[in-house]
Amino acid sequence: MAIAPDAKAKAQWNVLEGTKVAGGMYATSTDGQVTGFRAGRLVGDGFQGAILIDDPIKPANAESDVLREHANTQLAQTVRSRRARPDTPIVCIMQRLHERDVSGFLLEEDIGEPFEHLKIRALDDAGKSYWEIKEPAAQLLSFAAKQPYIFSGQYQQDPTPEQGRCKASRTGEGSLRGCNSLYG
């Protein structure tokens with residue numbers, strides 16, 4: 001397999017198997033054009049393609065009910081129907097930003113598809129960083145104490161309602177007091 005030699009755009013290109021198009025890639029924004037395209041192949045066995053959704057909403061937009069629900073509606077009404085076959089997976093990769101962000105929508109709403117949730121938290125229950133070299137635990141704990149609302153969503157993948165903000169303080173054991181919901 002090889003990328004077709006006429007692929008000039010980073011947002012769309014095809015893969016060749018010999019001289020035949022065997023697949024490709026198409027990328028667009030949440031509001032971009034997806035009708036007229038499909039993910040996966042109609043025939044064949046095994047993996048036939050997927051829809052990958054990467055950061056479907058910006059942190060600033062997630063606070064807007066209108067923009068957040070727009071992203072959710074796009075997924076339910078447009079993206080879902082772009083699958084070539086019912087077994088074409090939809091994969092959403094994002095940080096949690098709000099209880100009703102796209103991940104929350106997928107986990108709580110029945111759009112006719114089961115979704116598995118892989119949750120990678122910045123700090124585990126023992127206060128250990130997921131990636132100490134990049135995000136040292138001491139810095140994460142400090143940030144959590146100063147910005148608990150942002151930390152609970154974007155770092156712990158467990159967004160809390162804004163009125164549910166808590167004041168976090170570091171205890172001698174390296175854990176947070178007053179923000180147990182961040183680790184539950």
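At a glance:
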| read-out | value |
| --- | --- |
| Scan of the range 46-74 for residues that are of a type in the set (Val, Ile, Thr) and part of a loop (DSSP other than H, G, I, E, B), ordered by number | 57 |
| Condition met for residue 93 (within 16 Å of residue 57 (Cα to Cα) and either outside the structural domain of residue 51 (by TED's automatic domain parsing) or not hydrophobic (A, V, I, L, M, F, W, C) (or both)) | no |
| Residue list for the range 155-164, restricted to those being part of a helix (DSSP H, G or I) and at pLDDT 95 or above | 155 |
| Filtered residue count, the range 119-149, keeping only those that are outside any helix (DSSP H, G or I) and either within 17 Å of residue 160 (Cα to Cα) or assigned by TED's automatic domain parsing to the domain that holds residue 57 (or both) | 6 |
| Criterion (at pLDDT 85 or above, closer than 19 Å to residue 162 by Cβ and either among the β-branched types (Val, Ile, Thr) or crowded, with 17+ Cβ neighbours inside 10 Å (or both)) met by exactly one of 67, 97 | 97 |
| Subset of the range 109-144 [more than 23 Å from residue 61 (Cβ to Cβ) and in contact with a Cys (Cβ under 9 Å, 6 or more places away or on another chain)] | 144 |
| Residue within the range 101-112 that is loosely packed, with under 12 Cβ neighbours inside 10 Å, assigned by TED's automatic domain parsing to the domain that holds residue 56 and part of a loop (DSSP other than H, G, I, E, B) present | yes |
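The values are calculated or read from the model by the stated rules, or taken from the named source; none is laboratory data. These numbers come from a predicted model, not from an experiment. Counting neighbours? That spans all protein chains shown, and the Cβs are built from the backbone with ideal geometry, glycine included.
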